[in-house]
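The values are calculated or read from the model by the stated rules, or taken from the named source; none is laboratory data. Predicted model only: the values in this text are computed from it and were never measured. Virtual Cβ from ideal backbone geometry, glycine too; neighbours counted across all protein chains shown.
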Amino acid sequence: MRRFSFLLVLGSAILAGQTYRDWRVAGGANNIHYSALDQINRSNVNRLRIAWRFDSHDEFEGSEMQCNPIIIDGVLYATTPRLRVLALDAATGKLIWDFDAHRGEQVHEKQRNRGLNYWSDGKDARIFVGIDQYLYALNARDGKPVSNFGENGRVNLTKGLGRDGQDLIVRLTSPGVVYKDLLILGSMVAEDLPAAPGDIRAFDVRTGRVRWQFHTIPHPGEFGYETWPKDAWKYEGGANSWPGLTLDEKRGMVFAPTGSAAFDFYGANRAGDNLFANCVLALKADTGERVWHFQGVRHDAWDRDFPAAPALVQVRRDGRLVDAVAQITKSGFVWLFDRDTGKSLFPYREIETPPSLVDGEVLSRKQVLPSKPEPFARQQLTEEMLTERTPEAHRAVLEQFRKLRSGPQFTPASFEGTIVFPGFDGGGEWGGAAWDPQSNLFYVNANEMAWVLRLVPRGTAGGNATARSLYMRNCAGCHRPDLKGTPPEFPSLLGIAGKRTPQQIGATIRSGAGRMPGFARLGDAKVEAIVHYLISGEDAQVAGVTNDRPMLKYGIDGYNKFLDPDGYPAIQPPWGTLNAIDLDSGNYAWKVPFGETAGMPNTGSENYGGGVLTAGGLLFIGATNSDRKFRAIDKKTGAVLWETVLPAAGNATPAVYELNGREYVVIGAGGGKWGNPSGGSYVAFALE
């Protein structure tokens, strides 16, 4: 066994051309979240102390900070909750420079950034980052925009997509990859129509010019065009690679996971399997040419995005090492593919799935699931799994459960409400998995939360428009008919008059924010009517304006977790887990509850952000939403060897680096998920 482990490490290093001793790209080399550093190890990790702390003071109510820093030549690059870009001395945390695209203006709309990209030709060195709808190129030495990149240092990402950009939301929540002189990017777009198409684009690192563009919603004559309605490429959106990409530099291939098409939950206007939504795509990095693809969900109506960039791993098959791609899913499965061919390295089964009973919706009657590994999250909610926290909570939850539909994966959405389990936030989430080339174990942290998907009519065409009917048609799907939203993902609009001016509210409605599309297309009269309704609550008629036909007949009544009356999950724990999976056999090495909720041991916690492995035998991970802890875990057993409480929840992936002979572990403490306190600190740890 020891000899095999040694050969696996050696083979991995040779084939990947990596030493895994630096952290120059988000997620680490090959996105396996692994460091070969071992100064900090099982025997001394209890001596970890804070080496430095940088407080950005950029947090605001509901803000988050999810950035995985990169470290280049002793400088740590990261972002703050307001998307200020930082360059810090990686040994001391001292600020070297910062860049503020908003020039000191207050930012109230939450934006996420999970990492940056670095490029250098030896003379010129640049940092690339997405802020608002722009891609910026900054001089890595002083943080100033590179004037000859795009227009004065930035490229407008809403342009070049074949659509009018005024209603489009296009953001970079996750970094892309740098290959030679190309920066290859996916994007985050709106999840309801109107939405931008999720094209994957390669930009020239020097000029910002688009060098190639892959249409994830195929145009006429392109592969996959027949899996959509004839003109879908003109109006459909989504199928975007928001979780980030992974580069195989040796092969010159980039691997892109994609999400669902818009609208996520009702697809009457997109009949067909909808390639390349919900796919793992393998593209030639030089040209964007498709090498292979695998679609994990056909005609997605459950928001089953591939939620994280894949990891480039190696597995043993028939006595030889195979270069593979490991992709986690929201539904709790791991897919494993041959990097060259896209062949699944574990058998998978095609299952018959029930039809939708909702008019207009035509679901695929067959879906696919891998046979191994077993899912790392529970798959179907039953009465026996409902909470026993208190008798009162159990009775209330049972009564609610019996009014809902609950079935296996791919149970259709309904008007009465359908349990989606694992929920919209996984299973696996954007923090991604970690792979250990020493043991071939694959580590993934998971959420165990049930959500309720309920379809509701958006309204009918014709008749005079009222302020409330406009709100119900365009806003209630996310912010709910009662304006309470599902904070912080979809904030409450109650009392918004005390937080924003009418002009600010109108500007947000027109331009969009976060996942919210822009609604400038409604025109000034309708936007002003919605603003008036939000401020006053009055359902006034809009003079001379009639209701337009909705883009889709049905929406949803909000993003609703299945909770008990006291706000705890409606299911029995664990509510979060940490899993170690042997990718050779597909068997589990161990599985443990991860985190604590409300101080209750062994409950697990919702968790966002990934872990990092080291050659010192450790898995470093924050992620847990409820307890704000940062932990060092024995990667062989799952036992906690060290922990500390962060200023805010560490909903980010740590980075591990070495400087002047000292090993550091750093994590962003941004919090802010689901109403938890927000923060804006980076905290670095080292041995005392």
Legend entry - Members of segment 187-213 found to be under 18 Å from LEU283 (Cβ atoms) and surrounded by fewer than 23 Cβ atoms within 10 Å (Cβ to Cβ), listed by number: ARG201, ASP204, VAL210, ARG211, TRP212, GLN213
Inset, instruction - Could you please give the count of residues in segment 180-208 that are touching a strand residue (DSSP E or B) at 6+ places or on another chain (Cβ under 7 Å) and closer than 22 Å to GLY153 by Cβ? - result: 14
Inset, instruction - Scan segment 423-436 and give yes if some residue there is touching a His at 6+ places or on another chain (Cβ under 6 Å), assigned to a strand (DSSP E or B) and surrounded by 18 or more Cβ atoms within 10 Å (Cβ to Cβ), otherwise no. - result: yes
Inset, instruction - Return the only residue of SER511, SER492 being of a type outside the set (Lys, Arg), within 28 Å of the chain's Cα centre (by Cα), within 24 Å of ARG171 (Cβ to Cβ) and at pLDDT 80 or above. - result: SER492
Legend entry - Count of residues meeting criterion [touching a residue at least 60 places away in the same chain (Cβ under 8 Å), surrounded by fewer than 22 Cβ atoms within 10 Å (Cβ to Cβ) and closer than 21 Å to PHE54 by Cα] in segment 609-646: 1
Inset, instruction - Quick one: ASP584 ticks every box in (1) assigned to a loop (DSSP other than H, G, I, E, B); (2) under 21 Å from the mean Cα position of the chain (by Cα); (3) under 30 Å from ARG317 (Cβ atoms); (4) of a type outside the set (A, V, I, L, M, F, W, C) except a single one, so which number is it? - result: (2)
Legend entry - Filter result for the condition that a residue is surrounded by 24 or more Cβ atoms within 10 Å (Cβ to Cβ) and more than 26 Å from GLN111 (Cα to Cα), over GLY288, GLY296: GLY296
Inset, instruction - Mind counting the residues in segment 311-345 that are in a loop (DSSP other than H, G, I, E, B) and surrounded by fewer than 17 Cβ atoms within 10 Å (Cβ to Cβ)? - result: 6
Inset, instruction - Taking ALA649 as meeting all but one of (1) touching a Pro at 6+ places or on another chain (Cβ under 9 Å); (2) at pLDDT 95 or above; (3) surrounded by fewer than 24 Cβ atoms within 10 Å (Cβ to Cβ); (4) not in a strand (DSSP E or B), write down the number of the exception. - result: (3)
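Yes/no matrix, rows are residues, columns are (1) in contact with a Cys (Cβ under 7 Å, 6 or more places away or on another chain); (2) touching a residue at least 40 places away in the same chain (Cβ under 8 Å); (3) closer than 29 Å to GLY576 by Cβ:
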{"site": "GLY288", "(1), (2), (3)": "no, yes, no"}
{"site": "HIS299", "(1), (2), (3)": "no, yes, no"}
{"site": "VAL322", "(1), (2), (3)": "no, no, no"}
{"site": "THR329", "(1), (2), (3)": "no, yes, yes"}
Inset, instruction - Could you tell me which residue of segment 383-431 is nearest to ASP303 (Cα to Cα), considering only residues that are in contact with a helix residue (DSSP H, G or I) (Cβ under 7 Å, 6 or more places away or on another chain) and not aliphatic (A, V, I, L, M)? - result: PHE401
